[in-house]
Amino acid sequence: AKLQRTPFEDRAKLCKNAVGVALFSLMARKKTNLCVAADVVEAKALLDLADAVGPQICVLKTHCDIVRDWTDETGTQLRFLADKHDFLIFEDRKFADIGNTVVQQCSGGVHRIASWAHFTNAHALPGDGIVDGLRTAAGVENHGLLLLAQMSSAGNLLNKEYTSACVEMAKRHTDFVFGFISQERVIEGSEGDAFVYMTPGVKLSQEGDGLGQQYNTPTAVIADRNSDIIIVGRGIYKSDNPAATAAIYRKQAWDALA
Ligand code: 6AU
């Protein structure tokens, strides 16, 4: 049976966080549910990749701590490209410490994540204090947070009970937490429509990487598991033509919504 999907423009009205609202609206307007994981290690390569895939994506996902020559200017330039191409920037920091520590990690240090990223993500493991700390560091007006409810890697410890606890945590913080990193939609019905589901571990060729990553196709993730956004890294940035390959993933992921 085909899934009945609430249009993204309607889900924008249900979401309580400003960045979540902006993301749903952007997806509806630009007609893309592709996020590129820009896991490259030099600032110029990151900016070039962002400029090349920018027209295809709703979100650019970064790992700022793998970029060997990161400066404040890198964040500024990413924001410029986000405005140019109409996408949001997601720093995949996977915070996992106590509230007081994540305040510093999110706003300070070399990367000053809160100054350029629209949203980031966190493990629920430390408890609600991690959400409160990140809210303090970034504010709810121009920032949002995803919780890691499920992971793509073999043997991960995020079992069903843990996923349920993440869902409950998100529901307690809807001003700030607007979605999940998950392998499927983790909240059904209209309550679940207020959150976004972003799924990594997506590649057109399905063999793993020898380090535990497990892949599914765009169609399986969107049509079968009812997720919203595919996150694609190596499948795109390691291809000969990232812009053209991004267009292929974009079409498959968007067509899978229909
Ligand atoms: O497509 P890949 O395998 O080259 O890259 C997948 C990207 C990487 C991971 O750090 C990230 O997705 N990721 C995450 C995220 C987004 O939080 C969670 C997870 O369970 N698996 C995963 O691969 O940048």
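The values are calculated or read from the model by the stated rules, or taken from the named source; none is laboratory data. All figures in this text were calculated on a predicted structure; none of them were measured in a lab. Positions of Cβ are backbone-derived with ideal geometry, glycine not excepted, and every protein chain shown enters the neighbour counts. These accessible areas exclude ligands, DNA and RNA; they are computed on the full protein's heavy atoms, side chains included. Shrake-Rupley method; radii C 1.70, N 1.55, O 1.52, S 1.80 Å.
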> If you rank 224, 92, 48 by how much accessible surface each has, with a 1.4 Å probe, what is the order from largest down?
Replying inline: 224, 48, 92
>> Keeping all protein chains in the complex and leaving out DNA, RNA and ligands, what accessible area do you get for residue 41 with a 1.4 Å probe, in Å² to the nearest 10?
In response: 60 Å²
>> Students sometimes get this wrong: rank 111, 118 by accessible area, probe 1.4 Å, all chains present, largest first.
In response: 111, 118
>> Need one value: the accessible area of residue 209 in square angstrom, 1.4 angstrom probe, rounded to the nearest 10.
In response: 50 Å²
> Where does the longest stretch of the chain lie that holds no GluC sites (Glu not before Pro) found in a DSSP loop with 10 or fewer other Cβ atoms within 10 Å?
Replying inline: 1-140
> Over all distinct Cα pairs, what is the inverse of the mean 1/r for segment 9-85, reported as the Kirkwood hydrodynamic radius in Å?
Replying inline: 13.3 Å
> Which of 113, 229, 98 moves most in a GNM of the chain, Cα contacts under 10 Å?
Replying inline: 98
> 222 nm [θ] for the chain, helices only, -39500 (n - 2.57) per DSSP H run of 4+, per residue, to 500?
Replying inline: -11000 deg cm²/dmol
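Keeping the other protein chains in place, figure out the carbon and sulfur percent of the accessible area of segment 8-65, with a 1.4 Å probe.
Exposed carbon and sulfur together represent 57 percent of the surface.
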>> Ratio of alpha-carbon Rg to the 2.2 N^0.38 Å globular estimate for segment 216-258, to two decimals, please.
In response: 1.12
>> So if I place +1 on the C-beta of Lys and Arg and -1 on the C-beta of Asp and Glu, and nothing else carries charge, what would the dipole magnitude of the chain be about its Cα centre? I want it in debye, nearest 20.
In response: 500 debye
> Separation of segment 77-132 and segment 56-71 by C-alpha centroid, Å?
Replying inline: 12 Å
>> Less than 13 Å Cβ to Cβ from residue 24, Lys/Arg counted +1 and Asp/Glu -1: what total charge do the surrounding residues give?
In response: +3
> Quick one: how many lysine pairs in the chain have C-alpha atoms under 14 angstrom apart, if they're 8 or more apart or on different chains?
Replying inline: 7
> Does the chain come out rounded, prolate or oblate, given a ≥ b ≥ c as the square roots of the eigenvalues of its C-alpha gyration tensor, rounded meaning a/c under 1.5 and, failing that, prolate meaning a/b above b/c?
Replying inline: rounded
> What accessible area per residue, rounded to a whole number of Å², is obtained for segment 1-151 using a probe radius of 1.4 Å?
Replying inline: 42 Å²
> For residue 66, what accessible area in Å² do you get when you roll a 1.4 Å probe over the heavy atoms of the protein chains, rounding to the nearest 10?
Replying inline: 60 Å²
> Sorted by accessible area with a 1.4 angstrom probe, largest first, how do 13, 84 fall?
Replying inline: 13, 84
